[in-house]
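Contents: one structure, followed by commentary.
The values are calculated or read from the model by the stated rules, or taken from the named source; none is laboratory data. Keep in mind it's a predicted model, so treat the numbers as computed, not measured. A quick note on method: Cβ atoms are made from the backbone with ideal geometry, for glycine too, and the neighbour counts reach across all protein chains shown. Keep in mind that these areas ignore ligands, DNA and RNA; they rest on the heavy atoms of the full protein, side chains included. Shrake-Rupley method; radii C 1.70, N 1.55, O 1.52, S 1.80 Å.
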Amino acid sequence: MHQRYTKTAVSLHWLMAILIVAAFGLGLTMTDIPGITPTKLRYFSWHKWLGVTLLGLACLRLLWRLAHPAPAYPASMSAGQKTIASATHLLMYLLMFAVPVSGYFYTLAAGVPVVYLGLLPLPVLIEPNETLKPLLKGVHYWLNMLFLGAFILHVLGALKHLLWQRDGLFQRILP
Ligand code: HEM
């Protein structure tokens, strides 16, 4: 078993971490702007492009992870700690797909086709739907809040390893 994550896994981890924080922050910022302004529309487009990029990266990352298993946990970790860490990682993998997919379907239900980078029209998989629209908006919001919760747990766990347990686990994902 390898002691470190592969270079590709490390790159995907940090690239996605930065883009997810950006998409999250932009999502909250843009929905806070009252009315319809050119800035708001521009932020909505950027948010969707970021989200679609993240969905593509999530596919790559899942494939890579399936082919390159993560290094084993240090023997000093209790079974409970390992279970919490693995469950958090699994939840974050699920949300890396569910969050952008919910945003995509919400946008389609609202009757807005997604044109990636303003160049590539993406498939219109559902018709505009007034019933689904508020439902999917809520799903996108609450999946994001779940993501935030998992993210906080993930960061606290990482800091615990770095500052308290000092077992070298944090260093395995550093570039
Ligand atoms: C990992 C990727 C994504 C993250 C982290 C994310 C995050 C967020 C957040 C935090 C909000 C604010 C929710 C609120 O306050 O109501 C939001 C709103 C929104 N997102 Fe995403 N999003 C992602 C992907 C996408 C994608 C792929 C699309 C569409 C292609 C999308 C479309 C939207 C739209 C249209 C809104 C506005 C909802 C409203 O009208 O209130 N998102 N997103």
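Within the stretch 22-45, can you find the residues that are near the ligand (Cβ under 9 Å from one of its atoms) and not charged (D, E, K, R)? A22, A23, F24, G25, L26, G27, L28, T29, M30, T31, F44, listed by residue number.
When the stretch 151-166 is filtered for residues that are more than 15 Å from A85 (Cα to Cα) and either surrounded by 15 or more Cβ atoms within 10 Å (Cβ to Cβ) or of a type in the set (D, E, K, R) (or both), only R166 remains.
Table: residues versus (1) part of a helix (DSSP H, G or I); (2) aliphatic (A, V, I, L, M); (3) within 11 Å of the ligand (Cβ to nearest atom); (4) open to solvent by less than 50 Å² (accessible area, probe 1.4 Å).
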| position | (1), (2), (3), (4) |
| --- | --- |
| T8 | yes, no, no, no |
| S11 | yes, no, no, no |
| I20 | yes, yes, yes, yes |
| H47 | yes, no, yes, yes |
| T53 | yes, no, yes, yes |
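Residues checked against (1) in contact with a His (Cβ under 6 Å, 6 or more places away or on another chain); (2) modelled with pLDDT under 95; (3) open to solvent by less than 50 Å² (accessible area, probe 1.4 Å); (4) in a helix (DSSP H, G or I):
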{"residue": "Y93", "(1), (2), (3), (4)": "no, no, yes, yes"}
{"residue": "A98", "(1), (2), (3), (4)": "no, no, yes, yes"}
{"residue": "S102", "(1), (2), (3), (4)": "yes, no, yes, yes"}
{"residue": "L108", "(1), (2), (3), (4)": "no, no, yes, yes"}
{"residue": "V112", "(1), (2), (3), (4)": "no, no, no, no"}
{"residue": "L125", "(1), (2), (3), (4)": "no, no, no, no"}
{"residue": "P134", "(1), (2), (3), (4)": "no, no, no, yes"}
{"residue": "K137", "(1), (2), (3), (4)": "no, no, no, yes"}
{"residue": "Y141", "(1), (2), (3), (4)": "no, no, no, yes"}
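Of all residues in the stretch 133-153, those that are closer than 14 Å to V101 by Cα have Cβ atoms under 6 Å from Cβ atoms of residues that are not in a helix (DSSP H, G or I), 6 or more apart or on another chain, in K133/A110. Tell me, yes or no, whether the stretch 143-150 has at least one residue that is open to solvent by 60 Å² or more (accessible area, probe 1.4 Å) and modelled with pLDDT of 95 or more. Yes, that holds for at least one residue.
Every test in (1) open to solvent by 50 Å² or more (accessible area, probe 1.4 Å); (2) closer than 20 Å to V114 by Cα; (3) hydrophobic (A, V, I, L, M, F, W, C); (4) in a helix (DSSP H, G or I) is passed by I36 save one, and that test is (4).
Return a yes/no flag: does the stretch 29-51 have any residue that is modelled with pLDDT of 95 or more and closer than 16 Å to A150 by Cβ. Within the stretch 29-51, none of the residues are modelled with pLDDT of 95 or more and closer than 16 Å to A150 by Cβ. Could you list, in sequence order, the residues of the stretch 89-108 that are farther than 17 Å from K133 by Cβ and near the ligand (Cβ under 7 Å from one of its atoms)? Those that are farther than 17 Å from K133 by Cβ and near the ligand (Cβ under 7 Å from one of its atoms): M96, V99, P100.
I'd like the full set of residues that are open to solvent by less than 50 Å² (accessible area, probe 1.4 Å), in a helix (DSSP H, G or I) and not basic (K, R), limited to the stretch 56-77.
G56, L57, A58
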